[in-house]
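A short write-up of the structure that comes next.
The values are calculated or read from the model by the stated rules, or taken from the named source; none is laboratory data. Remember, predicted model here, so these are calculated numbers, not experimental data. With ideal geometry, Cβ positions are generated from the backbone for all residues, glycine too; neighbour counts draw on all protein chains shown.
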Amino acid sequence: MAKNTRQAKPRLLLMGQRRSGKSSITSVVFHKMEPQETLFLESTTRIQKDIMNSFMDFQVWDFPGQLDYFDSTFDTTQIFADIGALIWVIDAQDEYSDSLARLTTTIINLQNTFPHINVEVFVHKTDSLNEDFRSDIFQDVVQRVGDDLNDAGYINPNVSYHLTSIYDSSIFEALSSVIQKLIPELDVLQNLLDTLINNSGMTKAYLFDILSKIYVASDTRPVDSDIYEICANYIDLTVDFTDLYNYPRDDPKSLGEQMEEVESSMTFEDGKMVYLKEMNKHLCLVTVIQNKEAKDKKGLIDYNVHIFQDALKAVFERAWEKTGGEVTGEGQSSARPEQNSLET
Amino acid sequence: MDARKRKKKVLLMGKSGSGKSSMRSIIFSNYVAKDVRRLGATIDVEHSHARFMGNLTLNLWDCGGQDAFMDSYLNSQRENVFTNAQVLIYVFDIESREVDRDLDTYSAVISALKQFSPSAMVFCLVHKMDLVQAEHRERIYEERCRMILTQSDSMSVETFASSIWDQTLYKAWAGIVHKMIPNLSIIERFLRAFAEQISAEEIVLFERSTFLTVTSVDTTAPKSTSEETANPNPDRHERISNIMKSYKHTVAKSTKGPSSSSVSAAGFVLYKVQTPSFNAFLARFTENTYIAVVVPPGEAAFNCAVLNTMMAKGAFLKKTGVEG
Ligand SMILES: Nc1nc2c(ncn2[C@@H]2O[C@H](COP(=O)(O)OP(=O)(O)OP(=O)(O)O)[C@@H](O)[C@H]2O)c(=O)[nH]1
Ligand SMILES: Nc1nc2c(ncn2[C@@H]2O[C@H](COP(=O)(O)OP(=O)(O)O)[C@@H](O)[C@H]2O)c(=O)[nH]1
Ligand SMILES: [Mg+2]
Ligand SMILES: [Mg+2]
């Protein structure tokens with residue numbers, strides 16, 4: 001219920017032991033830090049709320065050292081009410097028993113009051129582990145958390161597990177799957193994207209959060225992660241290039257009419273094309289087109305993308321932009337405008 | 001005779017571990033910065049050829065910098081190494097603890113060069129600047145340059161700060177290569193006239209495989225050669241080299257098939273960006289160049305600019321004689 005009437009951006013809370021990699025994840029994903037630079041991150045013990053220009057909201061908590069959030073004097077409602085997903089980061093290269101114990105306590109507490117929150121466990125720093133060891137650790141985490149929850153009487157809690165690392169695209173892909181579960185309109189978006197690629201001869205299409213390169217939706221055709229990287233890095237390319245020439249002109253010239261959104265494409269020697277179009281302040285569409293004939297039908301692509309953009313606008317207006325977005329008050333947000341009008 | 005003249009002998013020297021082969025591999029052999037840790041110390045001299053813009057060929061002498069090798073370049077191989085050199089690129093490791101000793105060796109190299117190739121150009125790279133904290137970089141670099149200049153005898157020397165981890169690598173190497181390109185002023189005159197014709201704010205010419213800047217014209221700059229342009233990003237050209245090369249690696253990695261063909265398939269033909277404040281494209285121009293064109297907004301004019309640029313290729317070749 002609360003989930004369906006949520007009007008703000010999807011909100012994520014990142015928790016885990018100190019040094020498990022939370023600040024690194026935030027820095028790499030939302031602040032474009034190079035993975036190797038995270039070695040110099042200072043440890044933080046404050047709650048970090050990032051204000052950023054993204055489709056989602058992100059908060060980071062460090063443990064131990066922070067308040068005991070299930071202490072009765074602590075207002076859990078305030079912390080958890082608006083959260084869509086709790087991401088629990090486990091350092092796979094370190095001893096993680098304490099972290100697992102803390103995780104199960106948290107899940108059990110959440111089950112009572114906030115059963116709608118998705119718990120997403122990131123088995124993190126898996127880059128330097130070999131294939132076998134990696135899957136052993138993954139199995140071990142799933143098994144131990146599952147057993148503990150079982151013992152406590154919880155059979156099917158909302159818990160999912162991901163293998164992640166900031167040194168490859170796995171962290172972006174994991175966050176993409178986390179965010180997609182929080183988008184009630186995901187089915188609609190997937191259908192729209194399927195229609196788009198089928199009508200325009202595209203290989204793959206992603207709807208990206210521009211700032212973070214997390215994708216909010218994609219068509220349902222399975223592809224390998226190379227295609228994801230070609231599309232995700234295309235955003236960097238275009239954002240970086242645009243930054244170099246986007247300065248305010250003293251006397252801006254114009255040579256004629258032009259659309260308001262950024263549009264970009266790159267054609268390769270083997271005939272493949274990558275195409276990007278800004279959809280709104282936060283989102284852009286990136287597609288790969290391998291079919292040579294399709295690529296030449298720029299008019300058709302423009303037309304279909306335009307239709308997609310309109311449909312997207314309609315979806316999000318219905319979903320959460322209509323009420324003006326931001327959730328300002330804490331707590332259960334009971335005073336929604338529509339609800340009031342229903343009651344009178 | 002013409003061909004021989006355009007084959008330029010370039011000596012790449014400096015202490016062992018200073019980063020000579022690292023830079024060469026990234027600029028000329030499609031390595032990424034993290035791959036260079038795999039390189040071993042260079043034994044004696046490694047020769048390679050880099051074709052640059054068709055009729056300019058760099059004959060690179062990557063001279064392993066361990067003491068024993070240095071010694072032989074300066075003594076038994078002296079004439080062989082230093083004769084007929086057009087360019088010396090000397091690399092200083094900013095982290096080196098033996099600054100005085102480095103300078104002594106440099107000074108010995110300069111006198112050998114002066115003896116056998118007195119008209120050679122000298123470029124000194126103060127390298128691995130990423131290891132210096134950003135706020136101290138300028139000061140430490142300036143200091144080091146002063147020391148280098150006192151040891152340069154009367155040779156004309158140009159210095160650059162560089163690091164393989166950012167765009168300064170491209171700035172340094174573009175600066176070096178720029179000085180060797182024949183017909184540069186004709187190329188620039190052509191580009192300037194063409195820029196006026198299509199109302200471009202800026203045109204930049206890049207070499208195809210290295211993506212180093214060959215030259216550029218900016219119509220927002222007051223005439224003559226003034227560095228002042230309207231664009232507040234003075235390092236934009238080397239940044240473009242850097243971001244284009246790194247995207248090329250993303251694509252090459254994923255293009256299946258034999259590695260040599262995947263790198264060429266990763267080459268792009270046309271990149272376009274349209275935004276409310278400017279339009280730009282980067283296109284394969286001649287056999288060995290890409291051209292970047294930035295124009296004010298306006299969709300129809302932009303499409304014309306792309307077509308006109310493709311059609312200007314013939315005139316460019318004829319007038320500049322670049323790809324003879
Ligand atoms: N931090 C940093 N390290 C660099 C840079 N350039 C090169 N290196 C490192 O320096 C080491 C030595 O580089 P090489 O290129 O093999 O050195 P070289 O000058 O060819 O050495 P010799 O062949 O023995 O003369 C490599 O392991 C690189 O990782 C740089 O810009 N910054
Ligand atoms: N190998 C590896 N190291 C990581 C990864 N993520 C973070 N780290 C390292 O883990 C250390 C602690 O990270 P930090 O983000 O400060 O942890 P926090 O205390 O949870 O915020 C840093 O040295 C990071 O470089 C990863 O995916 N792989
Ligand atoms: Mg931290
Ligand atoms: Mg070497």
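What to note about this one:
- Qualifying residue in the range A:121-129 (condition: under 17 Å from the mean Cα position of the chain (by Cα), farther than 19 Å from A:SER225 by Cβ and within 16 Å of ligand 2 (Cβ to nearest atom)): yes
- Restricting attention to the range B:4-25, the residues being more than 9 Å from ligand 1 (Cβ to nearest atom) and in a helix (DSSP H, G or I) number 3.
- Taking every residue in the range B:163-191 that is of a type in the set (Gly, Ala, Ser) and pairing it with any residue that is at pLDDT 90 or above and in a helix (DSSP H, G or I), at least 6 positions away or on another chain, the pairs with Cβ-Cβ distances below 6 Å are B:SER163/B:MET129; B:SER163/B:ASP130.
This table checks each residue for (1) at pLDDT below 90; (2) assigned by TED's automatic domain parsing to the domain that holds A:ASN109; (3) charged (D, E, K, R).
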| site | (1), (2), (3) |
| --- | --- |
| A:ASP151 | yes, yes, yes |
| A:TYR154 | yes, yes, no |
| A:ILE171 | no, yes, no |
| A:ASN191 | no, no, no |
| A:ASN246 | no, no, no |
| A:ASP251 | yes, no, yes |
| A:MET259 | yes, no, no |
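- Given (1) of a type outside the set (A, V, I, L, M, F, W, C); (2) part of a strand (DSSP E or B); (3) at pLDDT below 90, index of the condition A:ASN280 fails: (2)
- Out of B:THR229, B:THR210, B:THR215, one residue alone is part of a loop (DSSP other than H, G, I, E, B) and more than 14 Å from every other protein chain (Cβ to nearest Cβ). It is B:THR210.
- Only one entry in B:LEU56, B:LEU60, B:LEU12 is touching an Asp or Glu at 6+ places or on another chain (Cβ under 9 Å), more than 16 Å from ligand 3 (Cβ to nearest atom) and closer than 21 Å to B:ASN288 by Cβ, namely B:LEU60.
- The range A:216-261, subset closer than 15 Å to B:GLY298 by Cβ and of a type in the set (A, V, I, L, M), residue nearest to the other protein chains (Cβ to nearest Cβ): A:LEU255
- Selection count where residues are touching a helix residue (DSSP H, G or I) at 6+ places or on another chain (Cβ under 9 Å) and small (Gly, Ala, Ser), scope the range B:265-309: 7
- Close pairs (6 angstrom Cβ cut-off, 6 or more residues apart or separate chains): among the aliphatic types (A, V, I, L, M) in the range A:110-137, buried (at least 18 other Cβ atoms within 10 Å of the Cβ) and part of a strand (DSSP E or B) anywhere: A:ILE117/A:LEU86; A:VAL119/A:LEU86; A:VAL119/A:VAL159; A:VAL121/A:TRP88; A:VAL121/A:TYR161; A:VAL123/A:ILE90; A:VAL123/A:LEU163
- Taking the criterion of being buried (at least 17 other Cβ atoms within 10 Å of the Cβ), at the interface with chain B (Cβ under 7 Å from one of its Cβ atoms) and in contact with a strand residue (DSSP E or B) (Cβ under 9 Å, 6 or more places away or on another chain), the residues of the range A:262-276 that qualify are A:VAL262, A:GLU263, A:SER264, A:SER265, A:MET266, A:THR267, A:PHE268.
- Checked against the criteria, B:VAL157 counts as at pLDDT below 95, surrounded by 12 or more Cβ atoms within 10 Å (Cβ to Cβ), assigned by TED's automatic domain parsing to the domain that holds B:MET13 and under 24 Å from B:VAL10 (Cα atoms).
- Residues of the range B:56-72 classified as more than 13 Å from ligand 4 (Cβ to nearest atom) and of a type in the set (Asp, Glu), total: 2
- Residue match in the range A:37-49 (condition: among the hydroxyl-bearing types (Ser, Thr, Tyr), modelled with pLDDT under 85 and away from ligand 3 (no atom under 16 Å from the Cβ)): no
- Annotation note: Cβ proximity below 6 Å between a residue of the range A:95-109 that is touching a residue at least 40 places away in the same chain (Cβ under 8 Å) and a residue that is polar (S, T, N, Q) and surrounded by 13 or more Cβ atoms within 10 Å (Cβ to Cβ) (sequence gap 6+ or interchain) occurs for A:SER99/A:GLN17.
- Answer residue from the range B:252-283, given it is outside any loop (DSSP other than H, G, I, E, B), at pLDDT below 90 and of a type outside the set (Ser, Thr, Tyr) and is surrounded by the fewest Cβ atoms within 10 Å (Cβ to Cβ) among those: B:LYS253
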